[in-house]
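Here's the structure we're looking at; comments come further down.
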Amino acid sequence: MNKENFRFYIKVRTALNIEPTVIHNELRAVFGDEAPALSTVAKWSKLFREGREHIEDEERPGRPITETTSENIEQIYSIINNDPYITIEELETQTNLSHGTIQRIISDHLNLRKIVARYIPKQLTDSQRAERVRICKENLAKFESNAWRLCDVVIGDESWFYHKQIGRKSSNSAWVAIGDSPLTVIRQGHFSPKTLFCIFLKSTGHVLIHYVEKGETIDHQYYIDYCLKSLIVNIRKQRPVCGVQGIKLHHDNGRPNMFMKICQIISSLKVSQ
């Protein structure tokens, strides 16, 4: 028995002034779980009391579900494959398909999901990645053998902080297959107002945050006078007993930081780098 037959029965019983609960019980007694829910019976009973005559569904705006065809699936796949960052709204414009159809194709047929791409500071070569893995494994072995302590490691680097947020994170969302990793986005430089900070921190918190005045250049002497010396003073304040003894300094290997004079100062303090 289809839904139109159920509705016709509800219409007849409603015309006889039978309550929806009674009609529902009658249908349940004959058809069991196939019978419509009480809320459905009550809804149609109300419609018929208000004068509705036909039992068919009203015409709905929008495109039919039959638009989920193999041709449309292939079209959506091709567009996303060429531009994984495309939005559903843009797909609607390009394909003239409905929002719901595109959603069904993407989730049910292509098994794709949209996740935010990861920002990475720079693109590394295979040899550079391999070298970083080697160094990380060496350091991990030292931590696991208790030759090093995590709280003795000081990490330092320079970082630009933009005065205004540029773009939206959601604009980097891309369609990827379930189980695949997110895409990566190479961080690009911007000409928007920004401020440079030199930041040093440990596992227990920050050690030094130095604001670089506009127009200043971080060369080796600036690094010694305003970063390295201040860092040593702050470490000694935080560790009055052992000072910089046992400290491992991990900082950017840009030329100012690796200048011979800087290396000599760090070595004389028995600080590893």
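Just one of the numbered conditions (1) modelled with pLDDT under 90; (2) under 26 Å from residue 197 (Cβ atoms) is not true of residue 136; which one?
(1)
Name the residue that is surrounded by the most Cβ atoms within 10 Å (Cβ to Cβ), counting only residues in the range 13-60 that are charged (D, E, K, R) and over 49 Å from the mean Cα position of the chain (by Cα).
13
Select from the range 177-233 the residues that are farther than 23 Å from residue 260 by Cβ and of a type in the set (D, E, K, R) and write down the one among them that is modelled with the highest pLDDT.
Ranking the qualifying residues of the range 177-233, first place goes to 202.
List the helices (runs of 4 or more DSSP H) inside the range 1-65, counting only whole elements, that have at least 3 residues being at pLDDT below 85.
none
Could you pull out every one of the helices (runs of 4 or more DSSP H) wholly within the range 66-137 that has 1 or more residues that are of a type in the set (Ser, Thr, Tyr) and surrounded by fewer than 15 Cβ atoms within 10 Å (Cβ to Cβ)?
Output list reads 70-82, 88-95.
Do you know which residues across the range 84-108 are free of Cβ contacts under 8 Å to residues at least 24 places away in the same chain and polar (S, T, N, Q)?
Scanning the range 84-108 gives 87, 93, 94, 95, 96, 103, 107.
Residue-by-condition table, conditions (1) of a type outside the set (Asp, Glu); (2) within 21 Å of residue 56 (Cα to Cα); (3) in contact with a Phe, Trp or Tyr (Cβ under 6 Å, 6 or more places away or on another chain):
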{"position": "9", "(1), (2), (3)": "yes, yes, no"}
{"position": "19", "(1), (2), (3)": "no, no, no"}
{"position": "23", "(1), (2), (3)": "yes, yes, no"}
{"position": "32", "(1), (2), (3)": "yes, no, no"}
{"position": "42", "(1), (2), (3)": "yes, yes, no"}
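Could you tell me whether the range 118-132 includes any residue that is under 19 Å from the mean Cα position of the chain (by Cα), modelled with pLDDT of 85 or more and not aliphatic (A, V, I, L, M)?
No, because not a single residue in the range 118-132 is under 19 Å from the mean Cα position of the chain (by Cα), modelled with pLDDT of 85 or more and not aliphatic (A, V, I, L, M).
Of the residues 34, 50, 89, 4, only one is under 30 Å from residue 114 (Cβ atoms) and not hydrophobic (A, V, I, L, M, F, W, C); which?
89 is the lone residue from the list that is under 30 Å from residue 114 (Cβ atoms) and not hydrophobic (A, V, I, L, M, F, W, C).
Assess whether residue 271 counts as being surrounded by 17 or more Cβ atoms within 10 Å (Cβ to Cβ) and modelled with pLDDT of 90 or more.
In short, no.
The values are calculated or read from the model by the stated rules, or taken from the named source; none is laboratory data. Since the model is a prediction, treat every value here as computed from it, not as a measurement. Here the Cβ is made from the backbone with ideal geometry for all residues, glycine too, and neighbour counts use every protein chain on show.
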